[in-house]
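Colleague: Quick one: structure below, then a few questions.
Just so it is clear, none of the values below were taken in a lab; they were calculated from the coordinates. What you are looking at is a predicted structure, and each value in this text was computed from that prediction instead of being measured. Methodologically, a virtual Cβ is constructed for each residue, glycine included, from the backbone with ideal geometry; neighbour enumeration extends over all protein chains shown.
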Amino acid sequence: MATIFPFVFLRRGFREYQAFRNVVHEQGGGRRTLQKIHAAGELVVRGSLLFPNKGGTYKDFEAFWNARFGAYEAFLYQPQNPGAKAMVDAPAVESATQKDFDATRRYVDSATLVVRKDGFLQTLGVHYSVVNESGAAYVLGTSTKLVARFVTAPGTGATVTLAYDFYVPVRFAGDDLPDDQELATGGAVGDALVDRTVSVQLREVGPGWSYAETPNVL
C-alpha cells in the first residue's frame with residue numbers, strides 16, 4: 001500500500017494549483033514562442049501545518065519527513081482545496097457486451113467511488129466489483145488503473161458515470177526542514193507541543209496530474 005500524507009494544511013495562506021512547464025523557442029529577429037510541454041499541469045501545494053494537527057503531532061511530522069530525507073521519496077496527497085470537487089468520469093459504452101469501465105485517474109480513493117448507470121446508483125458487490133487493470137484486486141499505489149466491472153453489461157446506449165476522490169503522487173520540494181518555523185512554546189519540544197507552524201511545499205512527482213494514461217505530450 002502507498003504512503004498517504006496525513007496532515008492538514010491551514011486555510012490561511014494555503015495554495016494548491018497546477019504548474020505548467022514551458023519551453024521558449026527563439027524564432028530570430030527578436031521573436032520568441034512559448035510552448036507548454038505539459039498539457040496536464042503538475043500539482044504544486046504551498047502552505048503551513050499547525051501542530052497539534054489532525055494528522056498527528058509535530059514528532060509524527062518529523063518522523064514522516066525523516067523517512068524521506070535524502071531520497072525525495074514520493075507519497076500520496078489528497079487535494080485539500082475547499083473548492084476541489086470529486087472527479088466524475090463518463091466512460092463511453094463501446095459495445096453491448098462491455099462490462100469494464102476505467103477511472104481516468106490512477107490513484108483513486110476507492111472508498112469514495114460512486115457508480116451510476118443511467119443515473120441510478122449501483123451497489124458494490126451486487127451490480128459491480130472493483131478490480132485493477134489485470135482483473136486482480138485494486139491496490140492504491142501499485143495498480144495502474146481502477147476498473148469498475150459490471151456483473152451485467154449496461155448495454156449500448158446506457159450512460160455510466162464514476163465519481164470519486166483521488167490522490168496525487170508528490171514529494172517535498174526540498175530536502176531540509178524549512179527555516180521559517182514558528183514556535184510559541186518557549187522552545188519546548190515534545191508530543192504535547194502546540195502552536196507550532198511549519199511551512200511546507202509539495203510538488204507532483206512525474207507528469208500529468210496523475211492520470212491513468214499520460215496525456216501530457218502535445
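Colleague: Please state the charge dipole magnitude for segment 87-164, taken about the Cα centre, from unit charges on C-beta atoms (+1 on K and R, -1 on D and E), reported in debye and rounded to the nearest 20. Mind showing how you got there, number by number?
Modeller: Details: 7 positive and 7 negative charges, 17 e Å.
Dipole about the Cα centre, nearest 20: 80 debye.
Colleague: For segment 111-119, take each phi angle, set θ = phi - 60°, evaluate the Karplus expression 6.51 cos²θ - 1.76 cosθ + 1.60, and give the result in whole Hz per residue in order, putting x for glycine and proline.
Modeller: With the stated coefficients, segment 111-119 comes to 5, 9, 5, 10, 10, 10, 10, 6, x Hz.
Colleague: What is the ratio of the Cα radius of gyration of segment 1-139 to 2.2 N^0.38 Å, with N the residue count, to two decimals? The partial results should precede the final answer.
Modeller: On the way: Rg = 20.7 Å, N = 139, 2.2 N^0.38 = 14.3 Å.
So segment 1-139 has a normalised radius of gyration of 1.45.
Colleague: Still on this structure, I have one more. To the nearest µm²/s, what D does Stokes-Einstein give for segment 87-164 at 4 °C and 1.567 mPa s, using the Kirkwood radius over alpha carbon pairs as Rh?
Modeller: Details: Rh = 12.4 Å.
Reported coefficient: 105 µm²/s.
Colleague: For the pairs K85/K145; K99/K145; K54/K85; K59/K145, flag any whose C-alpha to C-alpha distance is greater than 25 Å.
Modeller: Details: K85/K145 20 Å; K99/K145 15 Å; K54/K85 21 Å; K59/K145 35 Å.
Listed pairs above 25 Å: K59/K145.
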